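Beneath this line is the structure, given in structure tokens, with notes to follow.
Every number here is computed from the coordinates shown, using simple stated rules; none is lab data. Please read all numbers here as calculations on a predicted model, not as lab measurements. FYI the Cβ positions are ideal-geometry reconstructions off the backbone, even for glycines, and counts take in every protein chain you see.
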Amino acid sequence: MASPRHFLTLNDFSAGELQALIDRAIEMKTEHRAGTARPLFPGKVMAMIFEKSSTRTRVSFEAGMAQLGGHAMFLSPNDTQLGRGEPVEDSARVISSMVDIVMIRTFGHDIIERFAAASSVPVINALTDDYHPCQLLADMQTYQEHRGSIAGRTVAWVGDGNNMAQSYINAAGQFDFQLRVACPAGYEPASALLDAYADRVQLVEDPREAVAGADLVVTDVWASMGQEEEQKTRERAFAGYQVNAALMAHAAADALYMHCLPAHRGEEISAELMDASDTVIWDEAENRLHAQKALIEALLNAAA
């Protein structure tokens, strides 16, 4: 039996396949709103393994599987102990023998890699400490819906060099845009990743330099899950890195700004931008549902 296809980072799909996912997500969104969508996968079961809390990820995957005609099984941190007692590989063998697809939100990226290696069904990365590829599908869908192709554009990342920043680095290669990353010293993305994408990614400290003329400006919380004890230290380090109207004035006239949510209004992004009538942040959040349905469809069809 051939090994199943997984989606652990954006690099698990080709650039053409990723674009096809975005186009299909837009199509599925249209069908959903028109009431013409069909249950494509009746009886299919997704295991949703959460070692980190979630709102958008759980709702979007659970609703998505229901809309596809299947069922999503929620496994909270209290229900599973990946690698704590039972080896990750043993959990993967057992769980994947009973379901059709697995979604995991966990800490170390090595955990999901080990799980996928032992799984007999497709595995989706719904966030690790290193990458958040499903959010990038939603972000790329949102940009295409509002501004057309992102190829050849300039994107600015402002804030922590976290899993979102690192997925944006992958996206720069896969979706053919230039990326400027503005981080305080000591909070940069992984150096190996920056080196690998040196032709696509420029690292700067000044947010205004990163945003100058940019077509898209993206940010995220300064302290991610598991870093709450660093909040005060990070607030001091990231002072001056807020995405607000003054910073957006340096971007292109028709620039969009995005945030994967949840947002800390008044910290990494101003309340003014969050509440603006023309913000695309809420479209971006909804698009998690449709982009992930397109991804689930592709993975289940590949496994058929």
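Does segment 153-304 come out rounded, prolate or oblate, given a ≥ b ≥ c as the square roots of the eigenvalues of its C-alpha gyration tensor, rounded meaning a/c under 1.5 and, failing that, prolate meaning a/b above b/c?
Taking the square roots of the gyration eigenvalues as a ≥ b ≥ c, segment 153-304 is rounded.
For segment 135-280, with only Lys/Arg (+1) and Asp/Glu (-1) charged at the beta-carbon, what is the dipole magnitude about the Cα centre, in debye rounded to 20? The partial results should precede the final answer.
On the way: 9 positive and 22 negative charges, 33 e Å.
With Lys and Arg at +1 and Asp and Glu at -1, about 160 debye.
Expressed in whole Å with the largest first, what are the equivalent ellipsoid semi-axes of the chain derived from the C-alpha gyration tensor as the square root of 5 times each eigenvalue?
31, 22, 18
Please list, in chain and number order, the residues 5+ apart from L127 or on another chain whose amide H is under 5 Å from its amide H, with Hs placed from the backbone.
T106
Under the Karplus relation 6.51 cos²θ - 1.76 cosθ + 1.60, θ = phi - 60°, what is the ordered set of whole-Hz ³J(HN,Hα) values for segment 106-120, x standing for Gly and Pro?
Listing the rounded values in order: 9, 8, x, 5, 5, 5, 6, 5, 5, 4, 4, 4, 9, 7, 9 Hz.
Each residue of segment 173-181 in turn: what ³J(HN,Hα) in whole Hz from Karplus with 6.51, -1.76, 1.60 and θ = phi - 60°, glycine and Pro shown as x?
x, 6, 10, 6, 10, 8, 10, 10, 10
Please turn the phi angles of segment 275-283 into ³J(HN,Hα) values with the Karplus equation 6.51 cos²θ - 1.76 cosθ + 1.60 (θ = phi - 60°), one per residue in order, whole Hz, x for glycine and proline.
Listing the rounded values in order: 9, 5, 5, 9, 5, 9, 4, 6, 4 Hz.
Would you mind classifying segment 1-153 by shape? Square roots of the alpha carbon gyration tensor eigenvalues, ordered a ≥ b ≥ c; an a/c under 1.5 is rounded, otherwise it is prolate if a/b is larger than b/c and oblate if not.
Working: a/c = 1.86, a/b = 1.46, b/c = 1.27.
Prolate.
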